[in-house]
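Chemist: Below you'll find the structure I mean.
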Amino acid sequence: MSGEPAATADEVKQQLLDTAKEMLTSGLVQGTAGNVAARLPDGNVVLTPSSLDYLTMGLDDLVVCNLDGEVVEGHRGPTSEKALHLSAMKRYPEINATMHCHAKHCTMFALTRQPIPAVIEEFVVYVGGDVPVANYETTGTDDLAEEVAGWVGDRSAVLMANHGLFAVGKNPADVMHIAGLVERTAEIVWGARRLGEIVPLPEATNQQFAGYYRYGRTGKF
Ligand SMILES: [Zn+2]
């Protein structure tokens, strides 16, 4: 974030829309599932609307809410997972974009409630460690929002038990990259386990690379 020119509200909305469409076309969701949010320069949050086709979605369809969840702009209702996104934005001022999706391999891990292990160097740098599994709470509730947000303080992704993935990032393109990387890694780990036992990274490497993630997120090791 530091050193990059700040995006305007219109630019953030366009980035959010592009990311929502990419989430669909890259197969992280099907139909109208999943949702994306981004923080605007004034501190409000722009979110994808509830139950609308991503392919025909336009800038006018996006919804702006304040951090208390009140709609301040837009003619549609915000995503039913609004609380999930706002809870993470409230807790982590350095997080400016969030995504929830039902990526296939991530959801396989979420159903069996297994963390996705941090066994690839690049993955640790972008995610900060294993992707843990948050405890089950019902979709769309404040309890789910609080439970899930609590897990992404030092990493960029968490699995939602029996549901899917939640990812956080610096901006919409960053969170799209993270969600795609986590899904790709979930597939690789799933396949590798069929070939044999996965050899973990050395602990020192994991700690060093997790430090790179923290530094990239907060500016501090
Ligand atoms: Zn969902």
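Chemist: Please work out the Cα convex hull volume for the stretch 117-221 and give it in Å³ per residue.
Modeler: Per residue, the Cα convex hull of the stretch 117-221 comes to 103 Å³.
Chemist: How large is ³J(HN,Hα), in whole Hz, for each residue of the stretch 202-219 in order, when computed from phi with the Karplus curve 6.51 cos²θ - 1.76 cosθ + 1.60 and θ = phi - 60°, using x for Gly and Pro?
Modeler: Working through the residues one at a time gives x, 4, 5, 5, 4, 5, 4, 6, 5, x, 4, 4, 4, 5, x, 8, 10, x Hz.
Chemist: Whose amide H sits under 5 Å from the amide H of VAL72, counting only residues 5 or more places off or on another chain, with H placed in the peptide plane?
Modeler: VAL64, CYS65, ASN66
Chemist: In addition: Excluding residues on the same chain fewer than 8 positions from LYS21, give the lysines whose Cα lies under 26 Å from its Cα.
Modeler: Filter leaves LYS13, LYS82, LYS90, LYS104, LYS170.
Chemist: Sorting check: for 78-84, 16-22, which peptide has the highest mean count of neighbouring beta carbons within 10 Å, and how do the rest follow?
Modeler: Result, highest mean first: 78-84, 16-22.
Chemist: Ok, one more. As a test, work out the antiparallel percent of DSSP beta bridges whose residues both lie in the chain, rounded to the nearest 5.
Modeler: In the chain, DSSP labels about 90 percent of beta bridges as antiparallel.
Chemist: Here is a follow-up. Could you compute the FRET efficiency for THR112 and GLU70, with r as their C-beta to C-beta distance and R0 at 30 Å, rounded to 0.05?
Modeler: 0.20
Chemist: Another one. For a quick check of your reading of the filter: which chymotrypsin sites (Phe, Trp or Tyr not before Pro) in the stretch 81-180 sit in a DSSP loop and have no more than 15 other Cβ atoms within 10 Å?
Modeler: TYR136
Chemist: Through the Karplus equation 6.51 cos²θ - 1.76 cosθ + 1.60, θ set to phi - 60°, convert the phi angles of the stretch 9-17 into ³J(HN,Hα) values in whole Hz; use x for Gly and Pro.
Modeler: 4, 5, 5, 5, 5, 5, 4, 5, 4
Chemist: Highest first, please rank the peptides 55-62, 31-38 by the mean number of other Cβ atoms sitting within 10 Å of their residues.
Modeler: Put in order of decreasing packing, that is 31-38, 55-62.
Chemist: Please name which of TRP151, TYR126, THR141 has its Cα lying farthest along the dipole of the stretch 116-173 towards the positive end, using unit charges on Cβ (Lys, Arg +1; Asp, Glu -1) and the Cα centre as origin.
Modeler: TYR126
Chemist: Another question about this same structure. List the GluC sites (Glu not before Pro) within the stretch 145-221 that fall in a DSSP loop (any state other than H, G, I, E or B) and whose Cβ has at most 11 other Cβ atoms within 10 Å.
Modeler: GLU197
Chemist: Give the carbon-plus-sulfur fraction of the accessible surface of the stretch 82-221 in %, rounded to a whole number; probe 1.4 Å, heavy atoms of protein chains only.
Modeler: 53
Chemist: Could you list the residues of the stretch 81-114 with an amide nitrogen less than 12 Å from a label point located 7 Å from the Cα of SER50 in the Cα-to-C-beta direction?
Modeler: Those under the cut-off are 81-83.
Chemist: Once phi is turned into ³J(HN,Hα) by the Karplus curve 6.51 cos²θ - 1.76 cosθ + 1.60 with θ = phi - 60°, what whole-Hz value does each residue of the stretch 35-52 show in order, with x for glycine and proline?
Modeler: 6, 9, 9, 8, 7, 8, x, 7, x, 6, 10, 9, 10, 6, x, 6, 6, 10
The values are calculated or read from the model by the stated rules, or taken from the named source; none is laboratory data. This is a predicted model, so every value here is computed, not measured. No Cβ is skipped: glycine too gets one built from the backbone with ideal geometry, and neighbour counts run over all protein chains shown. Side chains are part of the model used for accessible areas, which takes the heavy atoms of the whole protein and leaves out ligands, DNA and RNA. Shrake-Rupley method; radii C 1.70, N 1.55, O 1.52, S 1.80 Å.
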